[in-house]
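Here's the structure we're looking at; comments come further down.
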Amino acid sequence: MVDWFVILSFYIISFVMGLPANLVALCAFSIKVHRSRLPSDILLLNLTVSDLLFLITLPLKMHEAASGMKWTLPSFLCSINSFVFFSTIYTSSLLLMAISVVRYIAVAYHMTYQRLQKTLYPIIISAVTWLISAAHCSITFIVQHHPSLSNSNSSVCYENFTERQLEVLLPLRLEFFFVLCLVPLLVSIYCYLRLILILYSRPTISWMQKRKAIGMALGTLAVFLICVLPYNLSHVLGFFQGQSPKWRYYTLLLSTLNTCIDPIIFYFSSSIFHLTSKKSIFRNLFSLRRCSFPPHMMSNERLNLSNAEK
């Protein structure tokens, strides 16, 4: 009795808090992308869309919880809902990794960042991210509808797997952990640690901007450690135990909090690097380095800087 009530409460809280926050973010980034089409803004727009798609699945999850964790709707809705639910979780983690890499390149390799500021690059990165997560999570259709794997007697949605289903799922889930969770986590940690060290080595960067950079890094790591990692750790333990852990479903509840934390990251990500004031990071980095450029190169560097801040 308590279980389904707790699950339903998590879904309701995440939906009520996450939907308006991400709708606001969608409008904001749609306007920003229309104006400047910066790589990070395009990636953040995709992250917002991913969160909104995740939120769309929650009403069906609420219905499932209110029905005592029994799936009383048509089976095809279970397949579609599971596919969107899981694929958006991993899309978010991959996009957060991509954003961390872009931020790091923007600060550490500014000239390289300028050459990579073509709209085509972030679009390709976004498309590849969606394809990777969709390809992995297509297993939700295979397990439930493949003739040799499907379990027509099950009254739940993507739970209580047969031994034959577990033989396929458990190794694949282990691969999920390494490719879609651990690698993005380690890459993000490296990029943000390097980014923070670079910012702290620049005396012209204000303390407020340094604090925002730390907040952005901590917010991103919070998403991985609180929302993504616990669920993926169940893949590792399940593989060695040879079964799907009973507590796995509760770790999924933490994943719903992702939609509430991401808008916080949106704020830090969009405000640190794209300030139009004289104290923007790009301008401060340039002012610190300009003495190392010969006079005939100054005009080109200033032009590149101006384009970066648009």
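The values are calculated or read from the model by the stated rules, or taken from the named source; none is laboratory data. Computed from a prediction, not measured in an experiment: that's the story for all the values here. Methodologically, a virtual Cβ is constructed for each residue, glycine included, from the backbone with ideal geometry; neighbour enumeration extends over all protein chains shown.
Checking residue 126 against (1) crowded, with 18+ Cβ neighbours inside 10 Å; (2) more than 25 Å from residue 185 (Cβ to Cβ); (3) among the polar types (S, T, N, Q), which test does it fail?
(2)
Can you confirm whether the stretch 43-59 contains a residue that is over 17 Å from residue 125 (Cα atoms), touching a Phe, Trp or Tyr at 6+ places or on another chain (Cβ under 8 Å) and among the β-branched types (Val, Ile, Thr)?
So in the stretch 43-59, the residues over 17 Å from residue 125 (Cα atoms) come out as 51-59.
Subset that is touching a Phe, Trp or Tyr at 6+ places or on another chain (Cβ under 8 Å): 54-55, 57-59.
Filter again for among the β-branched types (Val, Ile, Thr), leaving 57.
Checked against the condition, which is being over 17 Å from residue 125 (Cα atoms), touching a Phe, Trp or Tyr at 6+ places or on another chain (Cβ under 8 Å) and among the β-branched types (Val, Ile, Thr), the stretch 43-59 yields at least one hit.
Considering 45, 53, 26, which residue is under 15 Å from the mean Cα position of the chain (by Cα), assigned to a helix (DSSP H, G or I), of a type outside the set (S, T, N, Q) and at pLDDT 95 or above?
On the way: 45 fails: at pLDDT 95 or above; 26 fails: at pLDDT 95 or above.
Residue meeting the stated conditions: 53.
Just the residues that are among the hydrophobic types (A, V, I, L, M, F, W, C) and buried (at least 22 other Cβ atoms within 10 Å of the Cβ), please, taken from the stretch 80-96.
Matches in the stretch 80-96: 85, 86, 89, 94, 95, 96.
Identify all residues within the stretch 242-263 that are closer than 21 Å to residue 184 by Cα and outside any helix (DSSP H, G or I); write none if there are none.
257
Residues of the stretch 135-160 being more than 22 Å from residue 88 (Cα to Cα) and either touching a Ser or Thr at 6+ places or on another chain (Cβ under 8 Å) or among the hydrophobic types (A, V, I, L, M, F, W, C) (or both), which ones? Explain how you work it out, then say what you get.
Narrowing the stretch 135-160 to residues more than 22 Å from residue 88 (Cα to Cα): 146-155, 160.
149, 151, 160 - these are the residues of the stretch 135-160 that are more than 22 Å from residue 88 (Cα to Cα) and either touching a Ser or Thr at 6+ places or on another chain (Cβ under 8 Å) or among the hydrophobic types (A, V, I, L, M, F, W, C) (or both).
Do any residues in the stretch 109-122 that are buried (at least 18 other Cβ atoms within 10 Å of the Cβ) have Cβ atoms under 6 Å from those of residues that are in a helix (DSSP H, G or I), where the two are at least six apart or on different chains, and which pairs are they?
Within 6 Å, the pairs are 113/105; 113/106; 122/39; 122/42; 122/43.
Of the residues 239, 282, 224, which is at pLDDT below 80, part of a helix (DSSP H, G or I), of a type in the set (Phe, Trp, Tyr) and crowded, with 17+ Cβ neighbours inside 10 Å? Even if it seems obvious, please write down each step before you answer.
Working: 239 fails: at pLDDT below 80; 224 fails: at pLDDT below 80.
Being at pLDDT below 80, part of a helix (DSSP H, G or I), of a type in the set (Phe, Trp, Tyr) and crowded, with 17+ Cβ neighbours inside 10 Å holds for just one of 239, 282, 224, which is 282.
Could you go through the stretch 141-159 and let me know if any residue there is surrounded by 15 or more Cβ atoms within 10 Å (Cβ to Cβ), assigned to a helix (DSSP H, G or I) and touching a residue at least 40 places away in the same chain (Cβ under 8 Å).
Scanning the stretch 141-159 turns up at least one residue that is surrounded by 15 or more Cβ atoms within 10 Å (Cβ to Cβ), assigned to a helix (DSSP H, G or I) and touching a residue at least 40 places away in the same chain (Cβ under 8 Å).
Residues of the stretch 56-68 being part of a helix (DSSP H, G or I) and in contact (Cβ under 8 Å) with a residue 60 or more places away in the chain, which ones?
Just the residues of the stretch 56-68 that are part of a helix (DSSP H, G or I), to begin with: 56-66.
58, 64, 65, 66 - these are the residues of the stretch 56-68 that are part of a helix (DSSP H, G or I) and in contact (Cβ under 8 Å) with a residue 60 or more places away in the chain.
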